[in-house]
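**Student:** Dropping the structure in here first, questions after.
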Amino acid sequence: MNRVLISDRLSERAVGIFGERGIDVDFDPGLASEALLERIGAYDGLAVRSATRVTSSVIAAGERLRVIGRAGIGVDNIDVPAASARGVVVMNTPFGNAVTTAEHAIALMFALARQIPAADRETQSGAWDRARFLGTELAGKTLGIVGCGSVGSVVADRAQGLKMRVLVHDPYLAAERAERLGVARVALDELLERSDVISLHVPLTDRTRGILGEAALAKTRPGVRIVNCARGELVDAHALADALSSGHVGGVAVDVYPEEPPGDYPLFGMEGVIATPHLGASTAEAQENVAVQIAEQMSDYLLDGAVLHAVNMPSFSSEESARLAPFMDLARQIGSLAGQVAETGFRAVVVEYDGEAAELNPQPMTASLLEGLLAPIVDSVNIVNAPIVARERGIQVTETKHARRSDYPSLIRLTVTTERATRTTAGTLFSNRMPRIVELDGIPLEASLASNMLYMVNRDEPGFIGRLGSCLGDAGVNIATFHLGRSGPRENAVSLISVDGTIPPSVLDCVRALPGVVRARALSF
């Protein structure tokens with residue numbers, strides 16, 4: 001039975017979903033890091049929020065670990081590269097708390113514009129200084145949104161409802177999407193120069209770390225208000241404190257911090273600062289949503305192989321998984337065959353998809369093919385880390401879809417360039433579910449792959465098959481199926497021969513010694 005550990009506080013509905021799907025679940029919120037290290041080896045899945053630090057040590061200790069689920073958007077508390085290297089899927093719930101976080105950002109904008117927290121404190125203390133709390137309207141102001149993903153797009157929608165002009169800086173935002181949202185795409189410098197309010201909604205990466213630093217703040221217009229509900233490391237807190245002290249920045253609202261709890265944060269205690277304790281996703285609705293979503297996503301992966309909202313591999317739904325599964329199996333077999341017959345290292349891989357295969361998402365199929373291709377030379381490779389391993393080894397991978405129709409309803413062709421040669425392998429599905437190899441190095445043949453096989457290239461000469469049969473038969477190796485193709489009479493022939501049991505090295509030596517043999521390899525699938 002699959003086992004999942006929930007180490008942070010999630011809605012109990014998540015526990016119920018795992019149980020309903022037949023997955024054994026342990027709910028232990030607040031689990032200490034030492035205890036997590038001791039226990040993680042017994043689980044196939046780990047569900048967390050932001051409190052649990054899923055380090056490389058935790059991932060290495062997770063001998064059975066297949067999936068890490070983050071109930072929320074940010075995954076900076078998870079060592080994603082370490083998970084990818086170990087072939088562990090990391091998934092999040094990018095839409096479960098988008099509305100809640102966006103609403104909190106809008107609330108902080110209002111709080112800054114009308115100085116609500118300070119006015120509340122003064123009024124409750126008995127003071128009545130209305131002139132001190134002269135506010136400003138948001139209507140007619142320009143909002144600059146840095147990052148227009150699931151949260152940023154909701155902020156843009158709500159801001160337009162407030163009659164604000166919206167500028168967006170997001171290199172990944174397509175022009176068509178921006179037009180549908182009704183926002184203007186601009187460079188970061190233009191956004192800084194034109195915005196009355198700036199709201200951050202980007203993930204923490206090497207490119208976004210410190211995106212609002214001293215140089216960027218110097219480009220903003222005087223009196224700008226800054227809102228950060230994304231990640232604390234996006235801003236240089238010391239530079240922001242200096243800009244606030246000088247009066248260049250008119251107000252700051254922060255919900256996130258580099259360290260949480262933040263301790264001695266440079267902005268604390270300054271006039272014009274509003275701080276909340278990472279409340280962006282803290283509504284009953286959001287917590288229920290992300291808990292339900294991550295439990296369903298993890299269950300789908302563990303039970304059906306479906307991958308949704310993964311941050312380190314292609315995503316595909318349960319419905320897509322059912323259609324993709326036989327094609328992924330075919331791609332894996334094609335890759336495995338090519339990987340086992342290769343004699344030197346790989347330089348380039350070209351994968352071509354024809355017919356029905358060209359109508360599907362190619363990324364899972366290519367990842368499966370690379371898994372099969374690299375398995376003979378790399379330990380612990382799987383669909384998650386195979387593309388990463390290929391990239392690290394300098395293997396150029398190219399995908400191509402063809403509208404053309406081949407002799408088969410679907411066709412996947414792999415061309416591998418090694419240090420010595422370029423070889424092709426092609427396969428199809430019979431009855432939409434049975435993998436068949438239909439071409440090797442341009443030579444047509446039809447073969448299903450078996451557990452133990454002999455691959456052979458030889459000169460097509462009379463009597464060769466008899467001599468081969470004697471070589472195998474004398475050693476007690478029984479032939480189960482024999483698949484043969486040739487480029488022409490007395491030219492090169494290629495064979496895939498399935499046998500009962502493994503092929504001993506001595507038998508392989510006998511085959512290689514036969515006159516006319518060019519190559520011979522023992523294969524296993």
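The values are calculated or read from the model by the stated rules, or taken from the named source; none is laboratory data. None of the values given here were measured: they were computed from a predicted structure. No Cβ is skipped: glycine too gets one built from the backbone with ideal geometry, and neighbour counts run over all protein chains shown. Just the protein is used for accessible areas: all its heavy atoms, side chains included, with ligands, DNA and RNA removed. Shrake-Rupley method; radii C 1.70, N 1.55, O 1.52, S 1.80 Å.
**Student:** How large a share of the accessible area of the stretch 386-521, in percent, is made up of carbon and sulfur atoms when the probe is 1.4 Å and the other protein chains stay in place?
**Tutor:** 47
**Student:** Note down the net charge around Ala216, summing +1 for each Lys or Arg and -1 for each Asp or Glu among other residues with Cβ under 9 Å from its Cβ.
**Tutor:** My count for the surroundings of Ala216 gives -2.
**Student:** Still on this structure, please answer the following. Relative contact order of the chain, please, whole-number percent, based on alpha carbon pairs below 8 angstrom and at least 6 residues apart.
**Tutor:** Across the chain, relative contact order equals 11 percent.
**Student:** How much area per residue is accessible in the chain when the probe is 1.4 Å and only protein heavy atoms are counted (Å²)?
**Tutor:** 45
**Student:** How about the stretch 270-370: which chymotrypsin sites (Phe, Trp or Tyr not before Pro) there are in a DSSP loop, with at most 12 other Cβ atoms within 10 Å of their Cβ?
**Tutor:** Sparse-neighbourhood loop chymotrypsin sites (Phe, Trp or Tyr not before Pro): none present.
**Student:** Going by Cα centres, the stretch 487-525 and the stretch 73-114 are how many Å apart?
**Tutor:** 55
**Student:** So, one more: Mind checking the stretch 11-71 for GluC sites (Glu not before Pro) that DSSP puts in a loop (not H, G, I, E or B) and that have at most 10 other Cβ atoms within 10 Å?
**Tutor:** Loop-located and lightly packed - Glu63.
**Student:** Summing +1 for each Lys or Arg and -1 for each Asp or Glu, what net charge is found among the other residues whose Cβ lies under 14 Å from the Cβ of Met365?
**Tutor:** Within the 14 Å Cβ shell, the charges total -4.
**Student:** Follow-up. Restricting attention to the stretch 102-203, which chymotrypsin sites (Phe, Trp or Tyr not before Pro) occupy a DSSP loop and are surrounded by at most 12 other Cβ atoms within 10 Å?
**Tutor:** Trp128, Tyr172
**Student:** Output wanted: per-residue J couplings in Hz (rounded whole) for the stretch 498-512, from phi through Karplus 6.51 cos²θ - 1.76 cosθ + 1.60, θ = phi - 60°, x for Gly and Pro.
**Tutor:** Per residue, the Karplus-derived 3J(HN,Hα) values read 8, 10, 7, x, 6, 9, x, x, 5, 5, 4, 5, 4, 5, 5 Hz.
**Student:** A further question on this structure: Of all DSSP beta bridges in the chain, what percent run antiparallel (nearest 5)?
**Tutor:** Restricted to the chain, the bridges split so that about 50 percent are antiparallel.
**Student:** Compute the relative contact order of the stretch 381-452 as a whole-number percentage, counting only Cα pairs closer than 8 Å that sit 6 or more residues apart in sequence.
**Tutor:** 16
**Student:** Another one. Tabulate in residue order the Karplus-calculated ³J(HN,Hα) for the stretch 409-425, using 6.51 cos²θ - 1.76 cosθ + 1.60 with θ = phi - 60°, rounded to whole Hz; enter x for Gly and Pro.
**Tutor:** Listing the rounded values in order: x, 9, 8, 10, 10, 10, 10, 10, 9, 9, 5, 10, 7, 10, 10, 10, 9 Hz.
**Student:** Would the stretch 135-236 count as rounded, prolate or oblate if I go by the C-alpha gyration tensor, calling it rounded below 1.5 in a/c and otherwise prolate when a/b exceeds b/c, oblate otherwise?
**Tutor:** Oblate is the answer for the stretch 135-236, as a/c is 1.5 or above yet b/c matches or exceeds a/b.
**Student:** Compute the helix-to-body angle for 150-161: its Cα long axis versus the longest principal axis of the chain, expressed 0 to 90° and rounded to tens.
**Tutor:** Helix 150-161 sits at roughly 40 degrees to that axis.
**Student:** Compute the Cα gyration tensor for the stretch 1-103, then decide on rounded, prolate or oblate, letting a ≥ b ≥ c be the square roots of its eigenvalues: rounded whenever a/c is under 1.5, prolate when a/b is larger than b/c in the other cases, and oblate in all that remain.
**Tutor:** oblate
**Student:** Once the Cα atoms of helix 318-341 and of the chain are each reduced to a long axis, what angle between those two axes, in degrees from 0 to 90 to the nearest 10, is obtained?
**Tutor:** Helix 318-341 sits roughly 50 degrees off the main axis of the chain.
**Student:** Please say if the stretch 435-497 is rounded, prolate or oblate, where rounded means a/c under 1.5 for a ≥ b ≥ c the square roots of the C-alpha gyration tensor eigenvalues, and otherwise the choice is prolate for a/b larger than b/c and oblate otherwise?
**Tutor:** oblate
**Student:** List the residues, sorted by chain then number, that are 5 or more residues from Glu439 or on another chain and whose placed amide H is less than 5 Å from its amide H.
**Tutor:** When sequence neighbours closer than 5 places are left aside, the close amide H contacts are Ala426, Leu445.
**Student:** Among DSSP bridges having both ends in the stretch 393-502, what percentage is antiparallel? Round to the nearest 5.
**Tutor:** Looking only at bridges with both residues in the stretch 393-502, the antiparallel portion is about 100 percent.
**Student:** At 222 nm, what helix-only mean residue ellipticity would the chain give, in deg cm²/dmol to the nearest 500, using -39500 (n - 2.57) for each DSSP H run of four or more?
**Tutor:** One gets -10000 deg cm²/dmol as the mean residue ellipticity at 222 nm.
**Student:** If I model a spin label at Ala218 and Ala42 as a point 7 Å from the Cα along the Cα→Cβ vector, what separation in nanometres do I get?
**Tutor:** Going by the 7 Å Cα→Cβ label model, 5.8 nm.
**Student:** Counting only C-alpha contacts under 8 Å and six or more residues apart, can you give the relative contact order of the stretch 347-482 as a whole percent?
**Tutor:** 23
**Student:** Treating the beta-carbon of each Lys and Arg as +1 and of each Asp and Glu as -1, no other charges, what is the dipole magnitude of the chain about its Cα centre, to the nearest 20 debye?
**Tutor:** That gives a dipole near 1060 debye.
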